[in-house]
Amino acid sequence: MGAFSRIDYAVRLEEKLKNQGLDAFYFLHDDGLYKVRSGNFRNYEDARAMALNLRDRKVIEEFFIVSPQDYAVSRAPGTDCNDLREEIVRTANRFIGVPYQWGGESAEEGFDCSGLTMVVYRLNGLDLPRVSYHQFDSGRPVSGRELRKGDLVFFATRGPKRVSHVGIYLGGGRFIHAPRRGQNVKVSTLSSGYYASRFMGGRTYL
């Protein structure tokens, strides 16, 4: 829906689209521009019709339509995604120290656990569901030994066998997450007693 060199312009357009009832988000593209994406449409014609309607109503000035296969989350298995994995880790590390906020989805207001993972992925062009157990259901399972940088790790912190917490795997048995109210985004280890006993598995989307 738009491409900007400044993040505040992308945020402003995202908010305008959300006010129209659309599921919009911004992300940092490989070309260095912040781009705003909205909607998953059944076909090209539906996407174009919506974009033209928004342009006619002066909600947007320009648009571009991206096919699903152009997104990293849709790449075929075996595609080299090492660079993307490193970018996910770098993006996540930028948010260390941001306060926990239930329902939060930004560095300004704070993050909850699944808000952090969703935003980090979206900043790298990957569309994740909002809630931790939906993120768990939408990924491909990976065991603890198979985890790679950028994968998500899930935990049952509110009762046995029920996903309620998520973090981003950094490698070396470490993950970054927004733990709970009163704490900040930080790095923890999978081997720590609390998280080891509550680990539900990993998921990959790359």
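As a calculated quantity, the FRET efficiency between Asn19 and His134 at R0 = 22 Å, using C-beta atoms, amounts to about 0.35.
The count of lysine pairs in the chain that are at least 8 places apart or cross chains, and whose C-alpha atoms lie under 24 Å apart, stands at 6.
Within the listed set Gln135, Gln20, Gln183, the residue fluctuating most in the Gaussian network model of the chain (springs between alpha-carbon atoms under 10 angstrom) is Gln20.
Loop sites only, by DSSP: take the GluC sites (Glu not before Pro) in the chain that have at most 11 other C-beta atoms within 10 Å and name the longest stretch containing none of them. That gives 109-206 as the longest site-free run.
Estimated from the Cβ-Cβ distance and a Förster radius of 41 angstrom, the FRET efficiency linking Arg145 and Asp31 is about 0.70.
For segment 122-137, putting each phi into the Karplus relation 6.51 cos²θ - 1.76 cosθ + 1.60 with θ = phi - 60° gives couplings of 5, 5, 10, x, 10, 9, 10, x, 7, 9, 4, 6, 6, 4, 4, 6 Hz, in residue order, rounded to whole numbers and with x for Gly and Pro.
Values quoted throughout were computed directly from the atomic coordinates according to the rules given, and no laboratory measurement underlies them. All figures in this text were calculated on a predicted structure; none of them were measured in a lab. Neighbour counts run over all protein chains shown; Cβ positions are idealised from the backbone, glycine included.
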